[in-house]
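The values are calculated or read from the model by the stated rules, or taken from the named source; none is laboratory data. Note that the structure is predicted; figures quoted are calculated from it, not measured. Here the Cβ positions follow ideal geometry from the backbone for every residue, glycine too, while neighbour counts run over all protein chains shown.
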Amino acid sequence: MTHPKEIRWKLRYTDFDRAFRQLAEGIQRYHSESFDKLLLEGIIHRFEYTFELTCKTLKDYLESKGELVRSPKSVIKKSFEYEFLENGTLWIDMLNDRNLLSHTYDEKTFKEAFDKILNQYYPAIQKVHHKLEGLYNE
């Protein structure tokens with residue numbers, strides 16, 4: 001019989017997968033269309049909830065392996081140890097920016113964060129998605 005924590009991370013993965021694909025769709029639209037402030041805001045919002053689901057999925061996976069992780073920072077640290085993440089510092093920056101974006105409505109901050117999302121954060125999330133997808137399909 002499958003352990004409940006194994007089931008939980010796989011259920012969470014389906015939510016993460018859906019969110020990741022929505023973020024990817026937004027980024028693809030950004031590259032194929034002209035600049036649109038609403039599109040930029042939508043991508044930032046999709047990043048926020050995709051990042052949340054990435055951390056929650058990793059937390060659930062780690063717990064299914066017997067690890068005790070309580071905070072997003074402990075999830076990042078342990079995920080780095082499990083080699084889900086290549087650059088722990090980048091993920092801490094991502095966490096800080098996600099927290100900042102949730103409480104900031106400054107256009108300059110949005111544009112700076114958007115550049116990081118396109119060039120650093122999305123590719124990092126994409127790598128985690130790929131690794132979790134492989135585990136999910138085992």
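Worth pointing out:
- Boolean, Tyr30 is buried (at least 17 other Cβ atoms within 10 Å of the Cβ) and not charged (D, E, K, R): yes
- Of the helices (runs of 4 or more DSSP H) lying entirely inside region 22-138, those containing at least 3 residues that are aromatic (Phe, Trp, Tyr), touching a residue at least 12 places away in the same chain (Cβ under 8 Å) and within 28 Å of Glu6 (Cβ to Cβ) are 37-64.
- Hits in region 11-27 (condition: under 16 Å from Tyr136 (Cβ atoms) and surrounded by fewer than 18 Cβ atoms within 10 Å (Cβ to Cβ)): Leu11, Thr14, Asp15, Asp17, Arg18, Arg21
- Looking across region 57-68, the residues that are more than 17 Å from Tyr122 (Cα to Cα) and either at pLDDT below 95 or not hydrophobic (A, V, I, L, M, F, W, C) (or both) come down to Lys59, Asp60, Tyr61, Glu63, Ser64, Lys65, Gly66, Glu67, Leu68.
- Leading residue by the ranking (nearest to the chain's Cα centre (by Cα)) among those in region 97-109 that are surrounded by fewer than 16 Cβ atoms within 10 Å (Cβ to Cβ) and not charged (D, E, K, R): Asn99
- When the residues of region 1-28 are filtered to those that are under 19 Å from the mean Cα position of the chain (by Cα) and of a type in the set (D, E, K, R), the one that is farthest from Leu132 (Cα to Cα) is Glu25.
- Test: Leu40 is under 18 Å from the mean Cα position of the chain (by Cα), closer than 21 Å to Asp97 by Cβ, hydrophobic (A, V, I, L, M, F, W, C) and at pLDDT below 95: yes
- For region 5-55, the tally of residues that are more than 17 Å from Ala113 (Cα to Cα) and of a type in the set (Asp, Glu) stands at 5.
- Considering region 72-96, the residues that are out of contact with any Lys or Arg (no Cβ under 9 Å at 6 or more places or on another chain) and more than 17 Å from Pro123 (Cα to Cα) include one that is surrounded by the fewest Cβ atoms within 10 Å (Cβ to Cβ), namely Asn96.
- Some residue of region 10-24 being of a type in the set (Phe, Trp, Tyr) and farther than 16 Å from Gln126 by Cα: no
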